[in-house]
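The values are calculated or read from the model by the stated rules, or taken from the named source; none is laboratory data. On a predicted model such as this, the values are computed, not experimentally measured, just so you know. Here Cβ is always computed from backbone atoms with ideal geometry, including for glycine, and neighbour counts include all displayed protein chains. Surface accessibility is based on the protein's heavy atoms, side chains included, excluding ligands, DNA and RNA. Shrake-Rupley method; radii C 1.70, N 1.55, O 1.52, S 1.80 Å.
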Amino acid sequence: IPGATEDDANVCEVIVEGGNAVVVGEYTARATGLSNDNYQLPETGLTQNYKITKATHNMAGVEWNYTNAFTYDGTVKTVTLIGLPQGVTANYTDNSETDAGNYEASATFDYDQHNYNAPEFLPLSWAIEPKVVSLTWQGHGERVYDGTASNVTAIPTGLVGQDQCTVNVTGGTQSNAGTHTATAIGLDNGNYTLPEAGLTQEYIITKADYDMSGV
């Protein structure tokens, strides 16, 4: 803009080259002429350096689409970021899983690296919880002592598809007469967990009678 003139009615505009940069960088604007022949440019101050620095994407509205832990059902569970600003796309690590467990998803971003600073967003700790099974007890009927061990077991029900799962049982192989208790203590498949109730099963081995027929 030219300085004030003695005659306000005189309109004068400075013709500038290089003053309309858009992208990030360092530039020089140069005054090359005036629109009014009654004035002329000074000998100095004809250029002006200026800089456009990188912008920062507004990530305030971005969040993970995860609120509560998933439950294992044999299908893939996925967490992603929602609300990403225009021009930003995410590349994920550990955001899709099938098996029960605790995971940490993180994201890196594709963006206009020339004009924007690298977006950042905190990783997410997320989980797939094991499915609770039901137990069906087997081999716990009353039997008479015969010197052999019992075989009281529990079968898990409610498994997904063709999944296999074995219940670990303690106390189910007693051989002496008496009232015994078998207890489910765990599973061999981490995608499932025991129920809160029904973890024990009593069974009875009654005393045998000696065969006195030959006495």
### Subset of region 86-121 [open to solvent by less than 60 Å² (accessible area, probe 1.4 Å), farther than 30 Å from residue 22 by Cα and without any contact (Cβ under 8 Å) to a residue 60 or more places away in the chain]
95, 96, 97, 98, 103, 105, 106
#### Entry: region 40-67 residues that are in contact (Cβ under 8 Å) with a residue 24 or more places away in the chain and among the basic types (Lys, Arg), paired with ones that are part of a strand (DSSP E or B) and loosely packed, with under 12 Cβ neighbours inside 10 Å (beta carbon under 8 Å, 6 or more apart)
51/26
### Task
Please work out if residue 144 is buried (at least 17 other Cβ atoms within 10 Å of the Cβ) and more than 30 Å from residue 92 (Cβ to Cβ).
no
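Looking at 92, 66, can you tell me which residue is closer than 28 Å to residue 24 by Cβ and aromatic (Phe, Trp, Tyr)?
Working: 66 fails: closer than 28 Å to residue 24 by Cβ.
That would be 92, the only listed residue that is closer than 28 Å to residue 24 by Cβ and aromatic (Phe, Trp, Tyr).
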### Message
I'd like the residue in region 51-85 that is β-branched (Val, Ile, Thr) and closer than 30 Å to residue 20 by Cα and, out of all such residues, is least open to solvent (accessible area, probe 1.4 Å).
### Response
52
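Which one of 102, 91 is among the polar types (S, T, N, Q), in a strand (DSSP E or B) and closer than 21 Å to residue 117 by Cβ?
On the way: 102 fails: closer than 21 Å to residue 117 by Cβ.
So the residue among 102, 91 that is among the polar types (S, T, N, Q), in a strand (DSSP E or B) and closer than 21 Å to residue 117 by Cβ is 91.
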### Task
Among the residues of region 69-88, write down those that are touching a Ser or Thr at 6+ places or on another chain (Cβ under 8 Å) and either more than 16 Å from residue 127 (Cβ to Cβ) or assigned to a strand (DSSP E or B) (or both).
74, 77, 78
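Identify all residues within region 170-192 that are outside any loop (DSSP other than H, G, I, E, B) and open to solvent by less than 50 Å² (accessible area, probe 1.4 Å); write none if there are none. Break it down into steps so the answer makes sense when it comes.
Initial filter on region 170-192 (outside any loop (DSSP other than H, G, I, E, B)): 170, 178-187, 192.
Residues satisfying the conditions are 178, 180, 182, 183, 184, 186, 187, 192.
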